[in-house]
Amino acid sequence: MASEACLVIGLGNAARADDGVGPLVASLLAGLAGVRSLCRDADALALLDDWAGSDLVFIVDAASGAGPPGSIHRVQLSGPHAPASTHPASAGHARVAAVASTHGLGLPQALALARTLDRLPRRLILYAIEGASFDCGAPLSAVVRAAAQRTADRIQRELRAVGLH
Amino acid sequence: MATSRTIRVDAIARVEGEGALELQIDGERVTLARLSIFEPPRLFEALLRGRDYCEAPDITARICGICPIAYQMGAVHAMERAIGLQVDGQLRALRRLIYCGEWIESHALHIVMLHAPDFLGYADAMQMARDHGEMVRAGLSLKRVGNEIMRVLGGREIHPINVRVGGFYRLPDRSELTALALQLEQARRQAQRLLEWAAGFPFPDFERDYEFVALRHPAEYPLNEGRIVSSAGLDIDVTQFDSEFEERQVAHSSALQAVLRRRGSYLVGPLARYNLNFDRLPADVQGLAREVGVGSGCRNPYRSILVRALEIVYACGEALRLIAAYQPPDAPAVPVGPRAGTGHACTEAPRGICHHRYEIDADGTILSARIVPPTSQNQLTIEEDLREVAARALTLPDERLRERCEQAIRNHDPCISCAAHFLRLTVRH
């Protein structure tokens with residue numbers, strides 16, 4: 001496992017308050033040995049190329065409607081404990097907001113397509129963090145900023161558990 | 001007994017943006033065919049007023065995530081005309097190259113993710129991928145290559161940041177272009193496979209006598225420049241756009257509808273471009289067109305999917321030609337300076353001509369801006385298509401008729417929706 005590449009993808013728009021929590025977590029983990037991190041704010045289809053070649057992938061995204069702000073949901077989308085469906089909303093955990101892009105397809109569609117085309121990473125884990133505000137131009141709320149750090153810590157613990165960090 | 005049918009799609013899926021379809025049929029007559037655009041106004045033209053003329057390409061790039069290059073190119077060409085500057089040589093070639101990237105990614109996305117499922121009877125591309133995985137992979141791969149051209153030349157794939165009045169901020173390295181060329185060779189083969197695949201689709205027997213409007217250049221298949229011509233004999237400089245075209249408000253759409261002042265509706269986009277510029281395509285692309293049965297002219301909007309595939313083949317070849325001929329210019333941009341003036345430009349966005357007009361003052365402040373995107377020009381034609389398609393398919397059950405009408409809208413790849421898809425259908429007897 002030690003040689004396995006890990007990718008952290010932060011989904012969201014940093015100019016939309018708590019929607020920027022995914023990119024923040026990705027930036028907190030950037031620079032760790034063996035970890036590549038990147039951010040996406042549109043075009044979920046690009047994920048299929050982003051994670052090509054990565055065995056272990058974490059997606060971090062903002063969520064809405066499944067708990068109080070700052071709560072963290074973890075959904076294993078592929079791998080040993082993954083549910084049969086890769087649709088986050090039916091994964092038996094939290095209902096997760098899709099990547100809302102007018103001009104692209106959302107995360108659920110990208111996951112469905114990846115599964116059909118056999119392009120899912122071997123282990124794909126989604127962390128979804130409940131946001132408090134998605135206002136344009138507003139900063140991250142304090143409670144979500146704290147949740148971002150806790151999420152980064154949890155991902156680091158997962159990496160240690162598989163001998164990656 | 002006469003039947004009154006109302007067919008509505010409140011949010012049309014597999015198109016870009018947010019729009020709705022409403023069809024009213026009384027007995028054997030289609031009494032209403034309406035494409036409603038309910039996205040709120042974007043207000044970009046007002047946003048541009050008071051900004052510096054050099055900011056226009058970065059602001060207008062935000063209009064669209066799929067075709068930002070069209071808006072950037074319209075902005076830089078119009079501003080350069082306003083200040084009396086002509087950008088030639090390799091900088092012009094690089095602009096053409098980045099536009100090829102946009103055509104490739106936009107057309108590939110539309111063909112595979114939005115349009116093809118209609119012909120093959122799938123609800124969406126995810127379902128289609130189970131049976132046509134290779135073609136979906138090819139489409140996604142083409143989209144990636146198009147995006148890569150935009151990233152290398154534009155700095156990033158969506159809303160590029162490297163385009164400026166006078167040229168670019170940074171020139172590509174030779175190694176970056178060499179890597180692109182390798183990908184483009186494969187992309188061209190994939191585009192041909194996509195074309196052959198689409199040529200096997202069942203196409204409804206449907207033609208209309210559109211007035212096609214597109215750019216026409218003395219030597220090139222049009223991208224960045226040319227005169228505005230039509231199949232009814234229009235042939236004008238881009239500065240005469242306002243004298244021939246008019247945008248009108250309609251109650252059911254937040255987008256203005258453009259019409260030809262003298263003749264009304266017209267069609268822009270791949271079908272128009274192709275019909276008016278077939279002779280500007282290289283012989284190999286013309287040969288492919290004949291092989292798949294499109295020939296030198298096509299008035300069946302359903303077959304526009306083939307024309308898009310042909311345009312991907314063309315764009316891959318053109319990009320390869322431009323890369324092979326590339327010699328780095330002395331500087332990434334020619335010097336620019338403001339002066340009072342008005343500039344017009346018209347370029348060929350993937351969905352058709354996109355016209356820009358700006359007025360700037362002596363210090364470069366934008367006094368007025370007007371942008372006419374392709375979809376506003378095609379709205380009326382799409383509604384006419386809907387009326388005709390429905391009139392010829394009245395015997396179909398409601399669900400099939402709804403699907404046929406949605407497909408008729410997607411024929412023109414309008415930039416209005418990909419929101420959730422739900423239908424309210426009422427049948428009154």
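For a quick check, take a GNM of chain B with Cα springs below 10 Å and name the residue from B:M79, B:M128, B:M150 with the largest mean-square fluctuation. Between B:M79, B:M128, B:M150, it is B:M128 that shows the largest mean-square fluctuation. Spatially, region B:241-296 and region A:135-153 are offset by 48 Å when compared through their Cα centroids.
For A:A63, the residues 5 or more places off, or on other chains, whose built amide H falls under 5 Å of its own are A:I129, A:E130, A:G131. Between B:G233, B:G139, B:G154, the GNM of chain B built on Cα springs shorter than 10 angstrom shows B:G233 fluctuating the most. In terms of modelled amide H atoms, which long-range or inter-chain residues lie less than 5 Å from the amide H of A:A138? Counting only residues 5 or more places away or on other chains, the set is A:A17. The modelled label-to-label distance for the pair B:Y122/B:E220, using points 7 Å beyond Cα in the direction of Cβ, is 3.5 nm.
How long are the semi-axes of the ellipsoid equivalent to the protein assembly as shown, from square roots of 5 times the Cα gyration tensor eigenvalues, in whole Å, largest first?
Numbers: eigenvalues 284, 193, 118 Å².
Square roots of five times the eigenvalues give 38, 31, 24 Å.
Taken one residue at a time, the phi angles of region A:154-165 give Karplus couplings (6.51, -1.76, 1.60, θ = phi - 60°) of 5, 5, 4, 5, 5, 5, 5, 4, 9, x, 8, 8 Hz. Gly and Pro are set to x.
Once the Cα atoms are used to define both axes, helix B:304-324 deviates from the longest principal axis of chain B by about 10 degrees. Could you tell me which residue out of B:C298, B:Q257, B:P270 lies farthest along the dipole of region B:245-303 toward its positive end? Charges go on the beta carbon: Lys and Arg +1, Asp and Glu -1, centred on the Cα centre. In region B:245-303, that residue is B:Q257.
With all pairs of different C-alpha atoms in the average, the Kirkwood value for the hydrodynamic radius of region B:186-279 is 15.6 Å.
Phi angles of region B:161-166 translate, via the Karplus equation with coefficients 6.51, -1.76, 1.60 and θ = phi - 60°, into HN-Hα couplings of 10, 9, 9, 9, 4, x Hz per residue; Gly and Pro are given as x. As a calculated quantity, the FRET efficiency between A:A33 and B:A179 at R0 = 25 Å, using C-beta atoms, amounts to about 0.35.
Tell me, in nm to one decimal, what length is gained between B:R339 and B:R262 on full extension, where the rule is 0.36 nm per residue of separation less the Cα-Cα distance?
Length gained, B:R339 through B:R262: 24.2 nm.
Bridges between two residues of the protein assembly as shown, per DSSP, are antiparallel at a rate of about 75%. Rounded to whole numbers, the Karplus 3J(HN,Hα) couplings from phi for region A:62-70 are 7, 10, 8, x, 10, x, x, x, x Hz, using 6.51 cos²θ - 1.76 cosθ + 1.60 with θ = phi - 60°, and x at Gly and Pro. Residues B:D361, B:D209, ranked from the fewest to the most other C-beta atoms within 10 Å, line up as B:D209, B:D361. Distant-in-sequence amide contacts of A:C6, defined by a placed amide H-H separation under 5 Å and a gap of 5 or more residues or a different chain, comprise A:R36.
Highest mean packing first, where packing is the average number of other Cβ atoms within 10 Å per residue, the peptides B:197-205, A:110-118 line up as A:110-118, B:197-205.
Ordering B:V9, B:L234, B:Y221 by the projection of their Cα atoms onto the charge dipole of the protein assembly as shown, which places +1 on the Cβ of Lys and Arg and -1 on the Cβ of Asp and Glu, puts B:V9 at the extreme positive end. The magnitude of the dipole of region B:330-376, with charges of +1 and -1 set on the Cβ of Lys/Arg and Asp/Glu and taken from the Cα centre, is near 220 debye.
To the nearest 20 debye, what is the magnitude of the charge dipole of the protein assembly as shown about its Cα centre, counting +1 on the Cβ of each Lys and Arg and -1 on the Cβ of each Asp and Glu?
Dipole magnitude for the protein assembly as shown comes out near 820 debye.
Pairs of Cα atoms nearer than 8 Å and 6+ residues apart set the relative contact order; for chain B it is 29 percent. Distance from the Cα centroid of region B:89-111 to that of region B:302-344 is 6 Å (rounded to whole angstrom).
For chain B, the equivalent ellipsoid derived from the Cα gyration tensor has semi-axes of 35, 26, 19 Å, listed largest first.
The residue among B:V136, B:M126, B:V163 whose Cα reaches farthest toward the positive pole of the charge dipole of region B:124-200, with charges on the beta-carbon of Lys, Arg, Asp and Glu, is B:V163.
Full extension of the chain segment joining B:R92 with B:E384 gains 101.3 nm, where the gain is 0.36 nm per residue of separation less the Cα-Cα distance.
Label-to-label distance, A:R157 versus B:R290, with points set 7 angstrom from Cα along the beta-carbon direction: 7.0 nm. Using Cβ point charges alone (K and R +1, D and E -1), the dipole size of chain B about the Cα centre works out to roughly 280 debye.
On a 0 to 90° scale, report how tilted helix B:68-82 is relative to the longest principal axis of chain B, with both axes built from alpha carbons and the result rounded to the nearest 10. Taking the Cα atoms of chain B, the angle to B:68-82 is about 50 degrees.
Read-outs throughout are calculated quantities, based only on the coordinates presented, and are distinct from any laboratory measurement. Predicted model, so just to flag it, every value in this text is computed and none were measured. No Cβ is skipped: glycine too gets one built from the backbone with ideal geometry, and neighbour counts run over all protein chains shown.
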